[in-house]
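Colleague: Questions regarding the structure given below will be posed in turn.
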Amino acid sequence: MATSIKIPAETFHAHVYFNAKSKRQATQLRSRVKRAFKITDKSRNYKLGRMHDKPVGPHPCPMYLIWFKASQYGQIVPWLSFNRKDLSILVHPQLDKDVVADHTDHAVWLGKPLRLRLSRFSGKARAKRGF
Ligand code: ZN
């Protein structure tokens, strides 16, 4: 019999990191994610962010964001783990109570972990900026 397990987060982020060398691979993965999960501007379960060619917020290198609902976790996270190749991906919940914990204690890395710039979290605009 299946038990019902509750998790506190309703939404998650997957940040796909890249550098000059892996940009093409990251771009291809982005296209594949878009196709595989049929992501459009009207999608309710997923949103695909633009490519950031420079580090933003706590993210130490270029990246893009895949936003998804918790209900999709079991679909997108395994898919990313099998399709990421050499790319590092950070998967974290969006609780917004403690953004540092969201990005560390509650986060999961696919591939090689990167050192986040956690000092960038000082400031009240952080939650609204959706890092
Ligand atoms: Zn994030």
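The values are calculated or read from the model by the stated rules, or taken from the named source; none is laboratory data. Computed from a predicted structure; not experimentally measured. Don't worry about glycine lacking a Cβ; one is built from the backbone with ideal geometry, like all the others, and counts go over all protein chains shown. Ligands, DNA and RNA are stripped out before the accessible areas are found, and what is left, the full protein with its side chains, is counted by its heavy atoms. Shrake-Rupley method; radii C 1.70, N 1.55, O 1.52, S 1.80 Å.
Colleague: Quick one: which of THR40, THR11 is hydroxyl-bearing (Ser, Thr, Tyr), crowded, with 16+ Cβ neighbours inside 10 Å and modelled with pLDDT of 95 or more?
Modeller: THR11
Colleague: Given the conditions (1) at pLDDT 95 or above; (2) surrounded by fewer than 16 Cβ atoms within 10 Å (Cβ to Cβ); (3) within 23 Å of LYS6 (Cβ to Cβ); (4) more than 13 Å from the ligand (Cβ to nearest atom), and given that ASP98 satisfies all but one, which numbered condition is not satisfied?
Modeller: Among (1) at pLDDT 95 or above; (2) surrounded by fewer than 16 Cβ atoms within 10 Å (Cβ to Cβ); (3) within 23 Å of LYS6 (Cβ to Cβ); (4) more than 13 Å from the ligand (Cβ to nearest atom), the lone unmet condition for ASP98 is (1).
Colleague: In segment 118-131, which residue that is within 13 Å of the ligand (Cβ to nearest atom) and either small (Gly, Ala, Ser) or at pLDDT 95 or above (or both) is surrounded by the fewest Cβ atoms within 10 Å (Cβ to Cβ)?
Modeller: So the residue we want is GLY130.
Colleague: Is it the case that segment 107-123 has a residue that's assigned to a loop (DSSP other than H, G, I, E, B) and in contact (Cβ under 8 Å) with a residue 60 or more places away in the chain?
Modeller: Yes, segment 107-123 contains a residue that is assigned to a loop (DSSP other than H, G, I, E, B) and in contact (Cβ under 8 Å) with a residue 60 or more places away in the chain.
Colleague: If you check ALA20 against the conditions, is it of a type in the set (A, V, I, L, M) and open to solvent by less than 10 Å² (accessible area, probe 1.4 Å)?
Modeller: The answer is no for ALA20.
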